[in-house]
1. Would you tally the net charge around Leu66, using a Cβ to Cβ cut-off of less than 12 Å, leaving Leu66 out, and scoring K and R as +1, D and E as -1?
2. What is the chain's relative contact order, in percent, from Cα pairs under 8 angstrom and six or more apart in sequence?
3. Given a Förster distance of 35 Å, report the FRET efficiency between Trp27 and Thr5 from their Cβ-Cβ distance, rounded to the nearest 0.05.
4. Helix-only mean residue ellipticity at 222 nm, the chain, DSSP H runs n ≥ 4 weighted -39,500 (n - 2.57), per residue, nearest 500. What is it?
5. What share of Cα pairs, in percent, lie more than 15 angstrom apart in the chain?
6. Give the total of Lys-Lys pairs in the chain with Cα-Cα distances below 30 Å; include a pair only if its members are 8 or more places apart or on different chains.
7. Quick check: at a probe of 1.4 Å, how many percent of the accessible area of the chain sits on carbon and sulfur atoms?
Amino acid sequence: MKKSTKAIELKFEPTIPASPNEVYDAWLNSKIPGNPWNIADKLTLNPKVDGFFYLAVGNFPTTGDLLT
């Protein structure tokens with residue numbers, strides 16, 4: 001029996017009932033669940049153009065640049 005495969009593309013665009021400033025402030029607040037910084041055991045964040053971050057979860061550190 002021949003199996004056929006189909007590619008399905010899904011696109012989700014959530015609507016957040018808040019202003020862009022409120023969303024940005026919440027994204028930077030490591031105490032708010034659901035943002036990438038909340039799970040960190042150790043966090044250094046320099047939230048500006050050409051800034052950086054250091055995020056450690058357990059024994060797995062990650063670093064990166066915040067690009068424009």
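The values are calculated or read from the model by the stated rules, or taken from the named source; none is laboratory data. Computed from a prediction, not measured in an experiment: that's the story for all the values here. Ideal geometry is used to build each Cβ from the backbone, glycine not excepted, and the neighbour counts take in all protein chains shown. For the accessible areas, the whole protein counts, side chains as well, though only heavy atoms, and no ligand, DNA or RNA atoms are used. Shrake-Rupley method; radii C 1.70, N 1.55, O 1.52, S 1.80 Å.
1. On the way: positive: Lys48; negative: Asp50, Asp65.
Here the charged neighbours net out to -1.
2. Values: 72 pairs, mean separation 11.4, N = 68.
Rounded, it is 17 percent for the chain.
3. With a Förster radius of 35 Å, E is 0.40.
4. Details: 1 runs with 9 residues, N = 68.
The per-residue figure over the chain is -3500 deg cm²/dmol.
5. Working: 1541 of 2278 pairs.
Here the tail beyond 15 Å accounts for 68 percent of pairs.
6. Working: Lys2/Lys11; Lys3/Lys11; Lys11/Lys31; Lys11/Lys48; Lys31/Lys42; Lys31/Lys48.
Taking the chain as the scope, the lysine pair count is 6.
7. Working: 3620 of 6310 Å².
C and S atoms contribute 57 percent here.
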